[in-house]
């Protein structure tokens, strides 16, 4: 089997998310949210008894599928209701904003910002003195996010076209790098972490939700462009991610798998056994302060 090339992966990802962006813009996000990466409808756990606030629970009332998906990956109802329709395309596998411990006035860069959902949540936390920069390689996503920013009146958010392996940002210019289910799509993850390290200020931090491999992926999964662009085939192992972060220079690395995500991930490749190989994880790391020994 001929290995797929990096340019083929990038084009497959660009095509898939361009289509999702166009659909989101056309429908105003009034249809049920697609799942992370695949763009397909999500089958979620049945409603729990009233008052049960576990994933999929309703806490006393009926939930929309969008709300149930948000609960599964870590968003509150107020998060979902606080942005314009079309910003939340249902493409996440976690909530990096909740990991970030954001402070007013900080500068934040979002890798693979999509329709801008996480950027708009972050903009509220950093306030008017802060800045949020979204980077995405899909022109349709950038156009959608900019339109959403205009609807939101979000003056402290901007969106830049670019690849996450070659960030359009200056050295030592941001306090936080975040990302939601995007780095797994990159064919050169070491370059992504190297770039994140470059643009972070000393003492800056990384807060990422992504898909990681818990077992070696079969060759037929890794060589399937559809599965790669569906956030499965390109997942790196936890050990590999930790090693890449260390090589980039990061310290205080913490990777926390979210086992409750396995049922959701299975929806991305119906009929397969994605849950046997991949899981969502929270990934955190720090860039050393000046004067500290760098790993």
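The values are calculated or read from the model by the stated rules, or taken from the named source; none is laboratory data. This is a predicted model, so every value here is computed, not measured. Using ideal geometry, Cβ is built from the backbone for each residue, glycine included, and neighbour counts are taken over all protein chains shown.
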Evaluate the following for residue 221: is it assigned to a helix (DSSP H, G or I) and either crowded, with 22+ Cβ neighbours inside 10 Å or modelled with pLDDT under 95 (or both)? yes
Looking at the stretch 238-279, which of its residues are touching a helix residue (DSSP H, G or I) at 6+ places or on another chain (Cβ under 6 Å), more than 18 Å from residue 182 (Cα to Cα) and at pLDDT below 95? 275
For the stretch 225-241, enumerate the residues that are touching a strand residue (DSSP E or B) at 6+ places or on another chain (Cβ under 9 Å), in a helix (DSSP H, G or I) and buried (at least 24 other Cβ atoms within 10 Å of the Cβ). 241
So, in the stretch 104-124, of the ones that are out of contact with any helix residue (DSSP H, G or I) (no Cβ under 7 Å at 6 or more places or on another chain) and surrounded by fewer than 23 Cβ atoms within 10 Å (Cβ to Cβ), which residue ends up farthest from residue 171 (Cα to Cα)? 124
Reported set for the stretch 149-174 where residues are more than 22 Å from residue 13 (Cα to Cα), touching a residue at least 40 places away in the same chain (Cβ under 8 Å), touching a helix residue (DSSP H, G or I) at 6+ places or on another chain (Cβ under 9 Å) and not in a loop (DSSP other than H, G, I, E, B) is 152, 157, 174
For residue 247, are the conditions met, namely being part of a helix (DSSP H, G or I), farther than 24 Å from residue 98 by Cβ and touching a strand residue (DSSP E or B) at 6+ places or on another chain (Cβ under 6 Å)? no
Quick check, is residue 195 buried (at least 19 other Cβ atoms within 10 Å of the Cβ) and out of contact with any strand residue (DSSP E or B) (no Cβ under 9 Å at 6 or more places or on another chain)? no
Residues of the stretch 95-131 being assigned to a helix (DSSP H, G or I) and more than 16 Å from residue 205 (Cβ to Cβ), in sequence order, are 117, 119, 120, 121, 123, 124
With the checklist (1) at pLDDT 95 or above; (2) touching a helix residue (DSSP H, G or I) at 6+ places or on another chain (Cβ under 9 Å); (3) assigned to a loop (DSSP other than H, G, I, E, B) in hand, flag the one item residue 55 doesn't pass. (1)
Please give the number of the condition residue 294 fails out of (1) in contact with a helix residue (DSSP H, G or I) (Cβ under 8 Å, 6 or more places away or on another chain); (2) over 17 Å from residue 182 (Cα atoms); (3) modelled with pLDDT under 95. (1)
From the option list 92, 39, 61, single residue qualifying as at pLDDT 80 or above and either part of a loop (DSSP other than H, G, I, E, B) or over 25 Å from residue 206 (Cα atoms) (or both) is 92
